[in-house]
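Engineer: What follows is a structure written as C-alpha cells; I'll ask about it next.
The values are calculated or read from the model by the stated rules, or taken from the named source; none is laboratory data. This one's a predicted model, so the numbers in the text were calculated from it and none came from an experiment. Note that each Cβ is placed from the backbone with ideal geometry, even for glycine, and that neighbours are counted across all protein chains shown.
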Amino acid sequence: MGQTTSSGQNTTLLTAGHNHAGQLVSEDFVDHYQLHKVKLPFPDWLETGNALTRKIKKPITIKRASCGAAHMILRTNRLNDLYVVGKNSEFQLGLSNNKPVKELTKIDTNKFLLKNEKITDVFAGTLVSYIIARKINPSSEEGDSIYWCGSPPLQNLYVHNGTSLGQESNSPTGASSSNNSQPISNFSFIRWTPEEGWKKNFRVKCFDCSRIGDDHCIVVNQYNQIFGRGSNAYHQYGRNFDGQNFERLTEIKLKGYEKQPPNVKLVACGGFHSVIVLQNNEFYCSGLNCHGQLGYDVEKTQYDFIEPPNLPFKGKEITNVALGLYHTVVVVEHSTIYVCGDGRYGQLGNGENKSINPVFSRLKLEAVSPVTGNFIRHMNTFIIGVSCGLTHTVIVTSDRKVWRCGGNDFGQIFLKNELQTCSFSVTFEPRCEINQVSCGGKFTALYLRKRVPIYAFNIERHLNIWEDKENMKSYSDIVVKCLH
C-alpha cells in the first residue's frame, strides 16, 4: 500500500527557487521559477477515539516550516511529527547518510526525545537544525530540551569578503578560536548538556538562528537571560568576546542591563549581525555593518549591542524583525515596514539598487489597479509573515497577498523573466490560503499554518478593507513609496 498523502484540504505548502539539493520537494533537482505545490506525505485528517467512543476527525496542518541555507524542516500539529528535506552534506537533516533528500522524510523522534517530551518548535540554520522540546506535563523543576544536528555552528557558508555572494566555502574564516581541527558533524539530533548559567528549569522564551552566513544562534530563557552559541567572528554577540566562537551557550549582557536582565520580546539572527528587541520596544543590534545593516552610518563591525541613534520607529511597537545576509527588515505596528542595509539586488524593496543604506527607510505597500491605474484603497492590512533570504525578501499580509523583491536568479521570488526587482511585487491567489513564509538561501517556502477567515485579522485593529474584497482579486506590480 502506498503512502497516504494530503490533498491540500487543510494545509498548503508552496516552494520556489534553487533546488540543487532537492529542498523544493519536487521530483527532480531542477530550479522552479514559479510556485510549486508540494505533495505532503501525510493525510488530511486524523481520526481519534475508539470503538467505545465517538470518533473525531482532526485536521492535520503545518505548525511550522523552517528553511535553512539549502534544507527545510517541517513540523505538523501531530505529536512529534517531523519531516526534513534538502541538503544533508553536514548531516543537518539528522539522517544517517549525507546525500541530498528530495522528498519530505519523516524523522523518528523517539530515538532522541526524552520520555514524555513534545516538540514545541523547529529551526533550520545554515548547516545545522534545531529542535526545542518540552515535557507534556512539566513540573516546576523540569526545563526545555534543545536538540541539534549537523555541523557545529562555527563555520561559514557565505564568507564575508572571502568569497562572492552565494559561493560556498569549506573553511572557517574570521574565527579566533585556537582549535584548528575540523569540527565533526552530528549524524543525529543530540541534546545540549546543561551548562554553567543554564538552570535546570531553563525554558525557552525566544530563539533564532542564522539561516545564511555564519552559523550562530541566540536563545532567551524565561528569566530573560540571553545566551549565544556558534560563530562570533563579527561580534554577533556584542562586546567583551574578542570575536571568540562559542561551542557552549554563553550568556550575553546588554549594556545598562548587567545587573537585571531586560524583558526580551524577540531576537533575530542574520548572516553576520544580530538584533534583540525588548518589550519596551528598544532595538539593539550588533555585528557586521559593512552595508549599514545595523541602521546607522558606520561602515565597520559594531563590537557591542547598541540602540542606533535617530531610529524613525523609536517608541513605536515593533512586531517583527527579519534579517538577511546583509540587510534588515523591521515591521512596526503590524503594518509599517522599515529597511536598511545591502540593496544591490533590490532586496530592500525601496526602488533602488544601492549597496550601502545605513538609514532605515519607511516603505508603504500600495497596489495599483490593473484596470484603472489608481491605488486600491483600504490597503492597511496586517503583516503576518516576513522572511529574508540571501538576496531576497518576502512578506505575507492578512488578505492573502504575497509581496516579494530582490534577486530572482533561481526563481526564489517567482517572477517570470526577471533576474531581480528593486520594488515589491505582489501576487494574490484566493484559491490557495497562505499565511506564513520562510526564506532559505535562494529558495522560498509559503505555507498555511492555521486556517483563519480572510478578514479576521482586521477586527481587532478596526481596519476596513471589506469594500475592496472584489477589487483585490488581481494586481499589477506594486508602487512603493519610500518615506524618509
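Engineer: Looking at segment 234-255, I want the residues that are within 22 Å of V277 (Cβ to Cβ) and have a partner that is among the β-branched types (V, I, T) and at pLDDT below 75 with Cβ atoms under 7 Å, at least 6 apart or on another chain. Which pairs are those?
Structural biologist: Y234/T301; H235/T301
Per-residue answers, yes or no, for (1) assigned to a loop (DSSP other than H, G, I, E, B); (2) polar (S, T, N, Q); (3) modelled with pLDDT under 90:
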position: A367; (1), (2), (3): no, no, yes
position: V371; (1), (2), (3): yes, no, yes
position: T381; (1), (2), (3): yes, yes, yes
position: S387; (1), (2), (3): no, yes, no
position: I395; (1), (2), (3): no, no, no
position: I413; (1), (2), (3): yes, no, no
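Engineer: Within the bounds of segment 310-318, is there any residue that is of a type in the set (K, R) and modelled with pLDDT of 90 or more?
Structural biologist: yes
Engineer: If you check I131 against the conditions, is it assigned to a strand (DSSP E or B) and at pLDDT 95 or above?
Structural biologist: Judged against the criteria, I131 is a match.
Engineer: Any idea which residue in segment 272-286 is farthest from N224 (Cα to Cα), counting only those that are part of a strand (DSSP E or B) and touching a Gly at 6+ places or on another chain (Cβ under 6 Å)?
Structural biologist: Ranking the qualifying residues of segment 272-286, first place goes to H273.
Engineer: Of all the residues that make up segment 100-115, how many are within 30 Å of P138 (Cα to Cα) and not in a helix (DSSP H, G or I)?
Structural biologist: 8
Engineer: If I filter segment 15-50 down to residues being buried (at least 19 other Cβ atoms within 10 Å of the Cβ) and β-branched (V, I, T), which single residue comes out as farthest from T126 (Cα to Cα)?
Structural biologist: V38
Engineer: What pairs can you find where one residue is in segment 104-117 and of a type in the set (V, I, T), the other is surrounded by 19 or more Cβ atoms within 10 Å (Cβ to Cβ) and part of a loop (DSSP other than H, G, I, E, B), and their Cβ atoms are less than 7 Å apart, with a gap of 6+ or different chains?
Structural biologist: I107/G94
Engineer: Still on this structure, please answer the following. Go through segment 276-297 residue by residue and tally those that are farther than 17 Å from I212 by Cα and among the polar types (S, T, N, Q).
Structural biologist: Of the residues in segment 276-297, 3 are farther than 17 Å from I212 by Cα and among the polar types (S, T, N, Q).
Engineer: Please indicate, with yes or no, whether at least one residue in segment 77-90 is in contact (Cβ under 8 Å) with a residue 12 or more places away in the chain and under 14 Å from Y147 (Cα atoms).
Structural biologist: yes
Engineer: Scan segment 314-344 for residues that are within 17 Å of T381 (Cα to Cα) and either part of a loop (DSSP other than H, G, I, E, B) or free of Cβ contacts under 8 Å to residues at least 60 places away in the same chain (or both) and jot them down.
Structural biologist: Scanning segment 314-344 gives E317, I318, V330, V331, V332, E333, H334, S335, T336, I337, Y338.
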